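The values are calculated or read from the model by the stated rules, or taken from the named source; none is laboratory data. Predicted model, so just to flag it, every value in this text is computed and none were measured. So basically every Cβ, Gly included, is an ideal-geometry build from the backbone, and we count neighbours across all protein chains shown.
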């Protein structure tokens, strides 16, 4: 029996590969950074060829480093940064433009046009999303409208669109397979999550030819194969990174919640087969599709989570390694009244303000670098608390338990502050690579390593539980200050 599963984790800042054995032990890992390009204020791009080349390179590195035969790998699971939009020529295989990254705000005016044309409610009811430049739909339109000859080529059937998963599968199968899965489709702002099909009204409104779009498939099945020397490895799982993390955290039942701390932060709650349309600024999205069965989720998105620490490192040069933030933050008892709102690309849930911008407020002559670093750390938690507050309103009861993952979940200061501010228990698992693990689980189900999610549920184990220790009046005072700071950042960039 083949004993290994390979997870390809293509994220916003890096491409990673992790090889698991069937007991979910990590055998080998590899990672390469992906360059982010900022052509104008609020614009974010990446090279699609770099996305693929880095992902292919780490895949091969992991296989070489593990000293196993590619023939021993039962399947490949792919997880990806969601909403990031790539359009390429299906004959040449070359992108017609850079990938427009999910953080990019250039299409805010197109979103406003959709709202002015009365499509606001249709988008919410059909796709479960809130009209925003975050999603893929308006990014596709921008490429077709602004790249010379792109629209004509698209209408002639020469161009393909895909989120990063589609691009990787197409490249890895040598242009033989053009698919996506339901979780990624549900993030395009073009997909009807009720009827599980592309929505013709939105395609017409944005003038997007349907023939560009990939076939939508379940999240666990064999889509095609990757040719290796002496091996054909099936690609057997696809999911957007946040849904993969929900799956990797074994949140298979309605009501289970996870929060991922990555470049952004993403709080998801499995709502089972029930679609819940939020009245509190959360998104309704597809959690996973296994066969014909679809589970849904409520989601809150923070655009700038761990990215605020990268900003301190790269632009302000406060430290040389991101992990040093925890050390510096612990050097002061509090922020000295300083708040940092990292609305560098607007605010996501529950505010949904495309024109918000970052602000640093409460500075005094006594403010130090350490105060600002701590304020940055705390801003991640405050933004997550805004999501938790919205989800609490939706459920009409407080959350008692949240499973956490992502790079920043290793930060004990951050996790304890999250427990304190949210007043609920924070569960950190033994395996924090839950996004990649979710990909491995999906691939493993498709190739028969596991029979069902009941077997997977038994594999999840806790590493540490962070319990709230903060007094209620302290919590209320801190949150009051945060709300004031957020109000200062909102609508800043409006004309």
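Looking only at region 43-59, decide whether some residue is in a strand (DSSP E or B) and in contact (Cβ under 8 Å) with a residue 40 or more places away in the chain. Yes. A count restricted to region 271-303 and to residues that are in contact with a helix residue (DSSP H, G or I) (Cβ under 8 Å, 6 or more places away or on another chain), more than 14 Å from residue 390 (Cβ to Cβ) and modelled with pLDDT under 90 stands at 0. Out of everything in region 32-67 that is in contact with a helix residue (DSSP H, G or I) (Cβ under 7 Å, 6 or more places away or on another chain) and surrounded by fewer than 17 Cβ atoms within 10 Å (Cβ to Cβ), what residue ends up being nearest to residue 139 (Cα to Cα)? Checking each candidate, the answer is 35. Against the criterion of being modelled with pLDDT under 85 and either crowded, with 18+ Cβ neighbours inside 10 Å or farther than 28 Å from residue 391 by Cα (or both), residue 313 does not qualify. Sub-8 Å Cβ pairs linking a first residue in region 60-72 that is within 12 Å of residue 17 (Cα to Cα) to a second residue that is surrounded by 16 or more Cβ atoms within 10 Å (Cβ to Cβ) and modelled with pLDDT under 85, at least 6 apart or interchain, are 63/70, ordered by first then second residue. Residues that are more than 14 Å from the chain's Cα centre (by Cα), in contact (Cβ under 8 Å) with a residue 40 or more places away in the chain and either in a loop (DSSP other than H, G, I, E, B) or within 19 Å of residue 310 (Cβ to Cβ) (or both) within region 256-275 comprise 256, 275, listed in sequence order. Report whether or not residue 107 is touching a residue at least 60 places away in the same chain (Cβ under 8 Å) and either under 23 Å from the mean Cα position of the chain (by Cα) or surrounded by 24 or more Cβ atoms within 10 Å (Cβ to Cβ) (or both). Considered against the rule, which asks whether it is touching a residue at least 60 places away in the same chain (Cβ under 8 Å) and either under 23 Å from the mean Cα position of the chain (by Cα) or surrounded by 24 or more Cβ atoms within 10 Å (Cβ to Cβ) (or both), residue 107 comes out as no. Within region 185-216, the residues that satisfy the criterion of being assigned to a strand (DSSP E or B), in contact (Cβ under 8 Å) with a residue 24 or more places away in the chain and surrounded by fewer than 21 Cβ atoms within 10 Å (Cβ to Cβ) are 192, 215, 216. Residues that are under 23 Å from residue 285 (Cβ atoms) and part of a strand (DSSP E or B) within region 90-138 comprise 99, 100, listed in sequence order.
Each row is one residue, and each column tells you yes or no for (1) within 21 Å of the chain's Cα centre (by Cα); (2) surrounded by 21 or more Cβ atoms within 10 Å (Cβ to Cβ); (3) farther than 28 Å from residue 304 by Cβ.
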{"residue": "115", "(1), (2), (3)": "no, no, no"}
{"residue": "121", "(1), (2), (3)": "no, no, yes"}
{"residue": "138", "(1), (2), (3)": "yes, yes, no"}
{"residue": "157", "(1), (2), (3)": "no, no, yes"}
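When only residues in region 218-231 that are touching a residue at least 60 places away in the same chain (Cβ under 8 Å), touching a strand residue (DSSP E or B) at 6+ places or on another chain (Cβ under 6 Å) and assigned to a strand (DSSP E or B) count, which is nearest to residue 131 (Cα to Cα)? Step by step, filter region 218-231, then rank; the result is 220.
Filtering region 425-470 to residues that are farther than 22 Å from residue 243 by Cα and in contact with a strand residue (DSSP E or B) (Cβ under 6 Å, 6 or more places away or on another chain) leaves 464, 465, 466, 467.
Taken as a whole, region 232-241 holds at least one residue that is over 18 Å from residue 163 (Cα atoms), assigned to a strand (DSSP E or B) and free of Cβ contacts under 8 Å to residues at least 24 places away in the same chain. Counted as qualifying within region 381-487 are the strands (runs of 3 or more DSSP E) with 2 or more residues that are out of contact with any helix residue (DSSP H, G or I) (no Cβ under 6 Å at 6 or more places or on another chain) and without any contact (Cβ under 8 Å) to a residue 40 or more places away in the chain, namely 462-466.
Residue-level analysis places residue 68 among those that are within 16 Å of residue 6 (Cβ to Cβ), part of a loop (DSSP other than H, G, I, E, B) and touching a strand residue (DSSP E or B) at 6+ places or on another chain (Cβ under 8 Å). Given the condition surrounded by fewer than 19 Cβ atoms within 10 Å (Cβ to Cβ) and either within 21 Å of residue 261 (Cβ to Cβ) or over 18 Å from the mean Cα position of the chain (by Cα) (or both), answer yes or no: does some residue in region 81-90 qualify? Looking for residues that are surrounded by fewer than 19 Cβ atoms within 10 Å (Cβ to Cβ) and either within 21 Å of residue 261 (Cβ to Cβ) or over 18 Å from the mean Cα position of the chain (by Cα) (or both), one finds at least one in region 81-90, hence yes. Of all residues in region 18-31, exactly one satisfies the criterion of being closer than 28 Å to residue 94 by Cβ and crowded, with 19+ Cβ neighbours inside 10 Å, namely 30. For the residues 164, 169, 177, the requirement of being touching a residue at least 40 places away in the same chain (Cβ under 8 Å) and more than 22 Å from the chain's Cα centre (by Cα) singles out 177. Applying the criterion of being touching a strand residue (DSSP E or B) at 6+ places or on another chain (Cβ under 6 Å) and at pLDDT 90 or above to the residues of region 354-370, the residue that is nearest to residue 262 (Cα to Cα) is 358. Within region 330-346, track down each residue that is out of contact with any strand residue (DSSP E or B) (no Cβ under 8 Å at 6 or more places or on another chain), touching a residue at least 12 places away in the same chain (Cβ under 8 Å) and either over 12 Å from residue 375 (Cβ atoms) or surrounded by 23 or more Cβ atoms within 10 Å (Cβ to Cβ) (or both). Selection gives 330, 331, 335, 342, 344, 345.
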